[in-house]
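Here's the structure we're looking at; comments come further down.
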Protein chains: 2
Amino acid sequence: MSLSERELTLESSHGDILAAAAELFMDRGYAATSLDEVARSLGATKGRIYHHFPSKSVLFAEVFRHGMAMNYAAIEPHRHLAGSPTMRWRRMAFAHVMQMITTKPFQMAVWMGVEMHLRGATTPEQRTVFNELIQYRKDYGDLFRSVIIDGREKGEFDFEDVSVTNQLMFMTLNSPIFWYRPKTGETKANREDLARKVVVCALRGLGGKE
Amino acid sequence: MSLSERELTLESSHGDILAAAAELFMDRGYAATSLDEVARSLGATKGRIYHHFPSKSVLFAEVFRHGMAMNYAAIEPHRHLAGSPTMRWRRMAFAHVMQMITTKPFQMAVWMGVEMHLRGATTPEQRTVFNELIQYRKDYGDLFRSVIIDGREKGEFDFEDVSVTNQLMFMTLNSPIFWYRPKTGETKANREDLARKVVVCALRGLGGKE
DNA sequence: AGATGAACATACTACCGGGTATGTTGTCAA
DNA sequence: TTGACAACATACCCGGTAGTATGTTCATCT
């Protein structure tokens with residue numbers, strides 16, 4: 001998990017392509033996005049993309065991977081904090097939601113990647129690299145899962161079914177990728193307030209106390 | 001809103017195509033679904049589809065429309081019930097979630113249609129028919145919106161932002177279209193229990209009392 | 001019986017998009 | 001200076017797909 005600063009901030013041609021691809025995958029979906037469009041949005045041609053990535057599916061997979069890497073980096077500082085499960089969960093959830101808002105194109109790709117895997121819309125060759133990414137994403141989800149289980153055991157949370165609750169919680173926390181739009185003149189405080197509302201709603205769903 | 005029984009149950013060739021198309025749109029997404037595949041899943045050819053629908057986008061729009069029509073029909077019995085907003089909301093929400101589960105392919109198409117519209121992934125000609133459908137969907141959403149506003153005024157619900165809360169509520173209520181899979185030997189009671197859990201979680205998000 | 005049209009199937013076209021093969025330019029090391 | 005390689009651009013191939021134009025069958029009406 002030791003990604004260099006360069007890899008996280010994408011200061012490279014490789015990274016420029018990832019960012020442009022993420023944007024278009026978000027806007028048009030995977031299938032409807034052509035590599036010509038991605039290249040054109042960079043003021044380049046397909047040759048540039050194929051110089052860095054062997055195929056469209058690998059390009060998408062790298063967008064997926066980068067999105068997940070940023071998520072891990074975002075919640076890492078809060079994972080091992082002392083304090084109640086509720087407090088740990090709140091910090092992690094808040095960081096997660098802020099990620100959904102600030103790196104939306106990449107998070108959209110993560111979502112689409114999971115969807116494509118669930119629908120089996122992958123060729124056998126893609127499966128290998130995809131399985132690893134799905135596992136990557138699953139491990140991330142389990143970080144939250146164990147916290148809410150811990151919280152329930154300590155009586156801080158109250159819910160019936162762990163799987164269903166976890167699904168619903170992530171739906172809420174992820175939802176900004178679908179409906180969030182940056183407003184003109186929006187400040188960081190605005191975004192944080194929005195994220196707080198989302199976290200509060202998800203916390204209620206867990207049966208937690210505010 | 002007076003749809004014939006035939007239109008709601010799809011006992012026609014027209015309806016068979018709608019159902020098959022909905023299934024494939026769900027499995028592969030709009031862009032990745034070819035009309036040849038839809039036809040093949042029916043044991044037919046493209047000629048049959050183009051005899052009933054003028055284009056792929058119109059076929060998709062009709063799937064969308066049919067999904068929404070079923071939703072309206074499902075919550076109609078509960079809309080004007082006497083009783084508390086909480087009770088009215090619970091009935092409507094439960095009916096809605098059951099719709100998500102039982103008519104998943106169509107509801108997935110509705111979701112995709114809204115997404116496509118938000119992303120502007122529509123041609124100018126599609127816009128006309130699409131705008132009407134989006135309005136159709138918006139009106140449906142407003143039925144819930146007015147109930148939760150009513151509930152808040154009567155002190156039964158407790159939340160800050162109406163728009164954000166409505167978004168998050170629908171995310172929760174709609175989420176089964178993404179993660180629900182029918183189990184073998186599953187009964188109607190199983191599905192209803194699942195729907196109940198989803199409704200409870202959404203109700204908590206509204207700050208309502210169980 | 002013959003005409004007519006609905007409900008398809010068949011055959012075809014035009015185009016788009018992933019992938020490839022090859023050319024071009026700048027840079028840097030020996 | 002030159003050769004070698006990275007980092008692209010250009011030109012092309014080819015499979016797939018939306019849409020069309022044209023047959024074919026069968027039921028129904030007169």
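Being more than 13 Å from DNA strand C (Cβ to nearest atom), more than 28 Å from B:Val198 (Cβ to Cβ) and within 14 Å of another protein chain (Cβ to nearest Cβ): is that true of B:Lys56 here?
yes
Restricted to region A:35-53, and to residues that are more than 8 Å from DNA strand C (Cβ to nearest atom) and charged (D, E, K, R), which residue is farthest from the other protein chains (Cβ to nearest Cβ)?
Out of the qualifying residues, it is A:Arg48.
Listed residues B:Glu210, B:Glu153; which is away from every other protein chain (no Cβ under 12 Å), surrounded by fewer than 13 Cβ atoms within 10 Å (Cβ to Cβ) and out of contact with any Ser or Thr (no Cβ under 8 Å at 6 or more places or on another chain)? Steps first, answer last, please.
On the way: B:Glu210 fails: away from every other protein chain (no Cβ under 12 Å).
It is B:Glu153.
Could you check B:Glu7 against (1) open to solvent by 30 Å² or more (accessible area, probe 1.4 Å); (2) within 16 Å of DNA strand C (Cβ to nearest atom); (3) modelled with pLDDT of 95 or more and say which number it fails?
Here B:Glu7 meets the rest and fails (3).
Can you tell me which of A:Phe106, A:Phe53 is more than 16 Å from DNA strand D (Cβ to nearest atom) and in contact with a helix residue (DSSP H, G or I) (Cβ under 8 Å, 6 or more places away or on another chain)?
Being more than 16 Å from DNA strand D (Cβ to nearest atom) and in contact with a helix residue (DSSP H, G or I) (Cβ under 8 Å, 6 or more places away or on another chain) holds for just one of A:Phe106, A:Phe53, which is A:Phe106.
Go through (1) open to solvent by 60 Å² or more (accessible area, probe 1.4 Å); (2) free of Cβ contacts under 8 Å to residues at least 12 places away in the same chain one by one and return the number of the condition A:Ala121 breaks.
Answer for A:Ala121: the failing condition is (1).
Being among the aromatic types (Phe, Trp, Tyr) and under 21 Å from B:Phe25 (Cβ atoms) narrows it down to one of B:Phe64, B:Phe144, so name that one.
Of B:Phe64, B:Phe144, the one residue that is among the aromatic types (Phe, Trp, Tyr) and under 21 Å from B:Phe25 (Cβ atoms) is B:Phe64.
Report yes if some residue within region B:14-25 is away from DNA strand D (no atom under 12 Å from the Cβ) and of a type in the set (Val, Ile, Thr); otherwise report no.
Yes, because at least one residue in region B:14-25 is away from DNA strand D (no atom under 12 Å from the Cβ) and of a type in the set (Val, Ile, Thr).
In region A:175-196, which residue that is of a type in the set (A, V, I, L, M) and more than 9 Å from every other protein chain (Cβ to nearest Cβ) is surrounded by the fewest Cβ atoms within 10 Å (Cβ to Cβ)? Break it down into steps so the answer makes sense when it comes.
Just the residues of region A:175-196 that are of a type in the set (A, V, I, L, M), to begin with: A:177, A:189, A:194-195.
Subset that is more than 9 Å from every other protein chain (Cβ to nearest Cβ): A:177, A:189, A:195.
Working: A:Ile177: 22, A:Ala189: 8, A:Ala195: 23.
Checked region A:175-196; the qualifying residue surrounded by the fewest Cβ atoms within 10 Å (Cβ to Cβ) is A:Ala189.
The values are calculated or read from the model by the stated rules, or taken from the named source; none is laboratory data. Fair warning: this is a prediction, and the values are worked out from it, not measured in the lab. Cβ: placed from backbone, ideal geometry, glycine included. Neighbour counts: every protein chain shown. Side chains are part of the model used for accessible areas, which takes the heavy atoms of the whole protein and leaves out ligands, DNA and RNA. Shrake-Rupley method; radii C 1.70, N 1.55, O 1.52, S 1.80 Å.
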